[in-house]
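I have placed the structure first, in the form of C-alpha cells, so that the comments after it can refer back to it.
The values are calculated or read from the model by the stated rules, or taken from the named source; none is laboratory data. Not measured: the values here are computed from a predicted model. Here the Cβ is made from the backbone with ideal geometry for all residues, glycine too, and neighbour counts use every protein chain on show.
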Amino acid sequence: KKLAPQPENDKTTQLAAHTLDAAGEQMRTNTGLFINDDQNSLKAGDRGPTLLEDFILREKITHFDHERIPERVVHARGSGAHGVFKLYDSLSPVTKAAFLNEVERETPVFVRFSTVAGSRGSTDLARDVRGFAVRFYTPEGNFDLVGNNMPVFFIQDAIKFPDLVHAVKPEPDNEIPQAASAHDTFWDFISLTPESAHMIMWAMSDRAIPRSYRMMEGFGVHTFRLINAEGKASFVKFHWKPLLGVHAVAWDEAQNISGKDPDFHRRDLWDAIESGAFPEYELGLQIIPEEDEFKFEFDLLDPTKIVPEELVPVQRVGKLTLNRNPDNFFAETEQVAFHLGHIVPGIDFTNDPLLQGRLFSYTDTQLTRLGGPNFQEIPINRPIVPVHNNQRDGFMRQIINKGKTSYGPNGIAANDPQQVKEADGGFVSYQERIEARKIRARSKSFFDHFSQARLFFNSQSDPEKNHIVDALTFELGKVKLVEIRERMLGVLVQIDKGLATQVAYGLGLHLPETLPANGHVPADGNPEDFASIQVE
Ligand code: HEM
C-alpha cells in the first residue's frame, strides 16, 4: 500500500490511460478468450505427451520467451522515479523555453539514475560514474538533460567512446570484472589517454561511491546554449544540487554493502519515495555571455573541463521533487529512451565533439534496444502533446493514422500537418557562423589535461585526498601488468607529485625517473603523435 500521495499532472494522467490494474479481473488470452486453466497443459491422457495444439501453453511460453530486451550498452543498471520541476523565477532574459519561463507551471519529470559499467544485475555500490538522466515533459515537447554525477568526462571526442567502453567493460575473454574498473584493460586505456586525468580524479574520489541517489549532484557536462525570444544566445552549464547535500560511503562500506545488499541505492530511492521523504534537487545554471567564449584558460567546448564556480557562480533557478515510484520497472525505467538530442526551443547545442557524437549514438542504439523506429510511442516516451507528422509504419506501430496521404508538399489533403513558424514555437537551430577547413583533428585549446585534474585534487580535504590515494592504490594494485602501473604513475606525477609518490609507495614502485618528452604524456598517448597535434 502506497503511503505517499499520488500527485496528478499531465504525464501521470497520460500514463494512467495505459496502466492496467488486473485486481478482481478474470483471466483471458491475448485475443480475449476467458481462460479456464493456465496451470495444466493439454495432454494426450493425464500421463501422456503434451499436444502442439495447446494454444494456451504456446501463448504463455512464447510471450515469456521474449520478455527480455537487450540491456543498455552502457548505464544498464538503473532506477527511475517520477516527479515535478518548479521554476523559482522566469528565465526569459536568457531562454524562451516555456518550462523555464512560466513560474506557475509544474513540469512533469521522469528521472533515471544509473551506474555506467556494470550489467543490469550488478551492484549499486561499484566505484563508477552515476548517470543522472532527467526528462522534462514540457508543452513544447520532451527535453532530456542526460547527465552524470561528475561534471567532466573521460574523453574529448565521441569517436573514442567505443574504445573507452570496451576498455571499461569486463574483459572479453572471461567477462571479469563485472562492475568495477580495477583491471588491466581499463588502466591501460586510461594511462594512454591523458585527457582522462581530470575525470580519473573524480572517479577515484568519494564522488564515485555515493551514499544515495538522493545525495549526489548532477551535471549536464557539456556546455549548451540558451536562446531568448530576441534570438540572443548565452552558453550554459547545467547542474543539479541535492537538498540533502553530497554524501559518500567509504570504500570498505561500499564493498560490504555490495555483498549484503546490491540493491542498496535502488531500495533507498524507492523507500524514500514510498515513505514521503521525497528527494529534492535544485537546478543550477552557470550562464556565460556568448561574447565571453574565449575569456577562459580552457575551451568551453572541452568536456574534460569545468567552469570553476569562482569564475561563474551557479544560480539556483528551480526545484525538482521526485514524488512517485514507477508502477512497472520494465514499462517505465527500462523502456525510457533518453537522448540529449531531445531539446525544445530556447535550448541548443554547441560544437563540443563529445556532445556532437552523442547526438547520433542514442537514437541509433535505441532502434535496436527498443525494437525499431516506433519507440517514441511507448507510454513513458510519449510527449504530453499530441504528435502529428508524416512518419508511418514500422514494427509495432501503435497509432492508426487516418487519411490517404503522408507526404509534403501535399495538394490533396490540405489539412495534413503543417510546418510551424518560429514565432509560433517551431524549432529553428541557432545560426552559428562557421568558417573552417574540414579536418579530422583536435583543437590545441583541448591540450591541457592536467591543470584541472590538479585543481580538483587540491580542492579535496586531507581525508578525501587520502581516499583518492587509497582508491588508486587499490585499483592499480589489481592491475597485473607492471608497465601499466608505471605508465599511470607517469600520468599521476603530472597531476601532483605527492599523490604519485604515495601511490607508488603503496604499489611498491618507484616514480618514473624520466618523464615523457615535453614533460607530459603526448596528447594522444602515442609517441608518434597523431594528426591532432598538427592543427594550426
Ligand atoms: C546512456 C550520460 C557520453 C552513448 C547514457 C545514460 C546516461 C548517459 C545518463 C543513461 C540514460 C538512461 O538512464 O537511460 C552520458 C554523459 C556523457 C555520455 C553525461 C558524456 C558527457 C556518451 C557518449 C556516447 C554515449 C560519448 C557515444 C558516443 C550512450 C549510449 C547509451 C548511453 C549508447 C545507452 C542509451 C540507451 O540504450 O537508451 N549516457 N553519456 N554516451 N550513452 Fe551516454
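Against the definition (away from the ligand (no atom under 16 Å from the Cβ), touching a residue at least 40 places away in the same chain (Cβ under 8 Å) and basic (K, R)), how does K295 come out, yes or no?
Spelling it out, it is not the case that K295 is away from the ligand (no atom under 16 Å from the Cβ), touching a residue at least 40 places away in the same chain (Cβ under 8 Å) and basic (K, R).
If only one of N142, N101 is within 14 Å of the ligand (Cβ to nearest atom) and modelled with pLDDT of 95 or more, which one is it?
Exactly one of N142, N101 is within 14 Å of the ligand (Cβ to nearest atom) and modelled with pLDDT of 95 or more, namely N142.
With respect to A337, determine if the residue is closer than 30 Å to A277 by Cβ, in contact (Cβ under 8 Å) with a residue 12 or more places away in the chain and touching a Phe, Trp or Tyr at 6+ places or on another chain (Cβ under 7 Å).
Yes, satisfied.
Give the number of residues within segment 98-115 that are crowded, with 23+ Cβ neighbours inside 10 Å and either among the aliphatic types (A, V, I, L, M) or under 19 Å from V168 (Cβ atoms) (or both).
Within segment 98-115, residues that are crowded, with 23+ Cβ neighbours inside 10 Å and either among the aliphatic types (A, V, I, L, M) or under 19 Å from V168 (Cβ atoms) (or both) number 6.
Quick check on L300: is it in contact with a Gly (Cβ under 7 Å, 6 or more places away or on another chain) and among the aliphatic types (A, V, I, L, M)?
The answer is no for L300.
Pairs under 7 Å by beta carbon, first residue closer than 26 Å to G425 by Cβ in segment 385-413, partner of a type in the set (K, R), six or more apart or different chains?
N401/R392; S406/R392; A413/K404
Only one of these is hydroxyl-bearing (S, T, Y), in a loop (DSSP other than H, G, I, E, B) and under 30 Å from W270 (Cα atoms): T31, T19. Name it.
When all the criteria are applied, what remains is T19.
Taking only pairs six or more apart or across chains, which ones have beta-carbon atoms under 9 Å, a first residue in segment 257-275 that is more than 19 Å from R120 (Cβ to Cβ), and a second residue that is among the polar types (S, T, N, Q)?
Within 9 Å, the pairs are A272/S212; I273/N323; I273/N325; E274/N325.
Within segment 61-85, take every residue that is charged (D, E, K, R) and surrounded by 17 or more Cβ atoms within 10 Å (Cβ to Cβ) and give me the one that is nearest to the ligand (Cβ to nearest atom).
R72
Here is a yes/no grid of residues against (1) at pLDDT below 95; (2) in contact with a Lys or Arg (Cβ under 7 Å, 6 or more places away or on another chain); (3) assigned to a helix (DSSP H, G or I):
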{"site": "E230", "(1), (2), (3)": "no, no, no"}
{"site": "V246", "(1), (2), (3)": "no, no, no"}
{"site": "Q255", "(1), (2), (3)": "no, no, yes"}
{"site": "W270", "(1), (2), (3)": "no, no, yes"}
{"site": "G276", "(1), (2), (3)": "no, no, no"}
{"site": "Q286", "(1), (2), (3)": "no, yes, no"}
{"site": "K295", "(1), (2), (3)": "no, no, no"}
{"site": "K305", "(1), (2), (3)": "no, no, no"}
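When residues of segment 469-518 are filtered for being aliphatic (A, V, I, L, M) and modelled with pLDDT under 95, how many remain?
3
For segment 402-417, state whether one or more residues are modelled with pLDDT under 95, out of contact with any Phe, Trp or Tyr (no Cβ under 6 Å at 6 or more places or on another chain) and under 24 Å from F99 (Cβ atoms).
Yes, some residue in segment 402-417 is modelled with pLDDT under 95, out of contact with any Phe, Trp or Tyr (no Cβ under 6 Å at 6 or more places or on another chain) and under 24 Å from F99 (Cβ atoms).
Checking the condition surrounded by 11 or more Cβ atoms within 10 Å (Cβ to Cβ), at pLDDT 95 or above and part of a loop (DSSP other than H, G, I, E, B), which residue from D38, D46 passes?
D38
I'd like the full set of residues that are of a type in the set (V, I, T), away from the ligand (no atom under 16 Å from the Cβ) and in a loop (DSSP other than H, G, I, E, B), limited to segment 215-228.
Within segment 215-228, no residue meets the criteria.
Report yes if some residue within segment 358-371 is in a loop (DSSP other than H, G, I, E, B) and either under 24 Å from A97 (Cα atoms) or within 13 Å of the ligand (Cβ to nearest atom) (or both); otherwise report no.
yes
Going residue by residue through segment 152-160, is there one that turns out to be farther than 28 Å from H342 by Cβ and small (G, A, S)?
No, segment 152-160 contains no residue that is farther than 28 Å from H342 by Cβ and small (G, A, S).
For segment 320-333, give me each residue that is of a type outside the set (A, V, I, L, M), crowded, with 21+ Cβ neighbours inside 10 Å and within 15 Å of the ligand (Cβ to nearest atom).
Selection gives P326, E332, T333.
Take the residues in segment 172-193 that are in a helix (DSSP H, G or I) and in contact (Cβ under 8 Å) with a residue 40 or more places away in the chain; name whichever of them is nearest to the ligand (Cβ to nearest atom).
My answer is I190.
Is it true that some residue in segment 161-171 is under 17 Å from the mean Cα position of the chain (by Cα), within 16 Å of the ligand (Cβ to nearest atom), in a helix (DSSP H, G or I) and crowded, with 24+ Cβ neighbours inside 10 Å?
no
Is it true that some residue in segment 109-132 is more than 16 Å from the ligand (Cβ to nearest atom), part of a helix (DSSP H, G or I) and in contact (Cβ under 8 Å) with a residue 60 or more places away in the chain?
No; the residues of segment 109-132 include none that is more than 16 Å from the ligand (Cβ to nearest atom), part of a helix (DSSP H, G or I) and in contact (Cβ under 8 Å) with a residue 60 or more places away in the chain.
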